[in-house]
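The values are calculated or read from the model by the stated rules, or taken from the named source; none is laboratory data. None of the values given here were measured: they were computed from a predicted structure. Ideal geometry is used to build each Cβ from the backbone, glycine not excepted, and the neighbour counts take in all protein chains shown. Heavy atoms of the whole protein, side chains included, go into the accessibility calculation; ligands, DNA and RNA do not. Shrake-Rupley method; radii C 1.70, N 1.55, O 1.52, S 1.80 Å.
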Amino acid sequence: MKQLYVKDLKRNDSIIDFFMVRSSGIKVGSNRKNYLDILLADKTGEVNSKKWDVQESEVQSLSQIKPGDLVKVKATVTDWQNQIQLRIMRIRPAVPEDGLSVMDFVKSAPEKPQDMYDYIYGVADAMQDGDLRALCLRVLTDNREQLMYYPAASRNHHAEYGGLLYHTKRMLMNGLAVCGVYTDLNKDLVCAGVICHDIEKIHEILSDQNGVSPGYSMEGQMLGHIVMGARYLDQLTAELNFPREKAIMMEHMIVSHHYEPEYGSPKKPLFPEAEVLHYLDILDARMFDMYDALATTQPGEFSDRVWTLDNRRLYKPTF
């Protein structure tokens, strides 16, 4: 059985424990020797790990380790660039006799998928704009099965079971609050943008039904969810006989929600609801990453550096 979670690992500890594999590969170091570069995880986090000086006789068996596998490792906890890393001495696949359940290792959203889906569906069903209501209900209904487990990312924010629903729900809650302050906003348009903006992540990202992602699909790598999402809405709005102006505005919300070209957006927002969508998205992503880092930080101390937050080390107060 599992003994220590990632969040409990301490530098210089020696451990024998079980983890889930997030990524794995044999690489060649500067000394021309093989090593195993493997990212291990459980429901509390991830830890970069290495098995150095892999012998030729080990290459074949270690190469068979794949994302989603459960493994048992004997390792020491070391430090690399101010972050913990496992130096692996031994590693083997888990066997049935170990008595493990995959879901014990899977990070999950803190709410039930059905409850989150029902909330989002309820917001869509209450829309006064008939076009936007029909579009959002169609998007939610057509993609319901995958939404029940899909993560919102392969790594980083909301990379968890039900993560895409959780991200969408929290953005909707914030969006409705913002519309209560900025009363000139078209509430239905804001909510429709939230519901549709990341929907093509279910085709951009590869995921099993435990919400564990080994990476991105070929189409996801070549096009990305922004291009795929605009294309999807273009087809769907044509099928629904959508007013063209409204269809273009919905597509614009998708293509502009990352704001900058280097993050995949060819256009910046050109109307208020699209601007709000961007900030709802970035707010929820950053809050997720902050709370995720602070969850493993002791009060009065700073977290490890968080790459998605410009390598900041976050402080956790004592009060």
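Annotations for the structure displayed:
- Members of region 291-311 that are open to solvent by less than 50 Å² (accessible area, probe 1.4 Å) and within 18 Å of Val6 (Cα to Cα): Ala293, Leu294, Thr297, Ser303, Val306
- Meets criteria (over 23 Å from Gln146 (Cα atoms), more than 18 Å from the chain's Cα centre (by Cα) and loosely packed, with under 15 Cβ neighbours inside 10 Å) for Asn241: yes
- There is no residue in region 312-319 that is open to solvent by 70 Å² or more (accessible area, probe 1.4 Å) and more than 30 Å from Thr44 (Cα to Cα).
- In region 39-75, residue most open to solvent (accessible area, probe 1.4 Å) [restricted to those that are among the acidic types (Asp, Glu) and touching a helix residue (DSSP H, G or I) at 6+ places or on another chain (Cβ under 8 Å)]: Glu46
- Any pair with Cβ under 7 angstrom, 6 or more apart, that starts in region 290-308 at a residue that is closer than 14 Å to Thr44 by Cα and in contact (Cβ under 8 Å) with a residue 24 or more places away in the chain and ends at one that is open to solvent by 70 Å² or more (accessible area, probe 1.4 Å) and not in a strand (DSSP E or B): Ala295/Lys7; Thr296/Lys7
- Within region 21-36, the set of residues being within 31 Å of the chain's Cα centre (by Cα) and either more than 11 Å from Lys66 (Cα to Cα) or surrounded by fewer than 17 Cβ atoms within 10 Å (Cβ to Cβ) (or both) comprises Gly25, Ile26, Lys27, Val28, Gly29, Asn34, Tyr35, Leu36.
- Within the option set Ala230, Ala274, Ala247, being open to solvent by less than 10 Å² (accessible area, probe 1.4 Å), in a helix (DSSP H, G or I), under 28 Å from Arg155 (Cβ atoms) and touching a helix residue (DSSP H, G or I) at 6+ places or on another chain (Cβ under 8 Å) holds for one residue only, Ala274.
- Test set (1) aliphatic (A, V, I, L, M); (2) in a loop (DSSP other than H, G, I, E, B); (3) open to solvent by 10 Å² or more (accessible area, probe 1.4 Å) - Ala152 fails condition number: (3)
- Yes/no for Leu100 being touching a strand residue (DSSP E or B) at 6+ places or on another chain (Cβ under 7 Å), open to solvent by less than 40 Å² (accessible area, probe 1.4 Å) and not aromatic (Phe, Trp, Tyr): no
- Failed condition for Pro269, given (1) touching a residue at least 60 places away in the same chain (Cβ under 8 Å); (2) open to solvent by less than 30 Å² (accessible area, probe 1.4 Å); (3) within 30 Å of Tyr182 (Cα to Cα); (4) not basic (Lys, Arg): (1)
- Residue that is farthest from Gly220 (Cα to Cα), among those in region 155-167 that are open to solvent by 10 Å² or more (accessible area, probe 1.4 Å) and not charged (D, E, K, R): Tyr166
- Residue check for Arg155: charged (D, E, K, R) and at pLDDT 95 or above: no
- Restricting region 184-227 to residues that are in a loop (DSSP other than H, G, I, E, B) and polar (S, T, N, Q), the residue that is surrounded by the fewest Cβ atoms within 10 Å (Cβ to Cβ): Gln209
- Hey, Asp79 among the charged types (D, E, K, R), over 29 Å from Asp208 (Cα atoms), more than 27 Å from the chain's Cα centre (by Cα) and open to solvent by 30 Å² or more (accessible area, probe 1.4 Å) or not: no
- Condition met for Asp131 (buried (at least 16 other Cβ atoms within 10 Å of the Cβ) and in a helix (DSSP H, G or I)): yes
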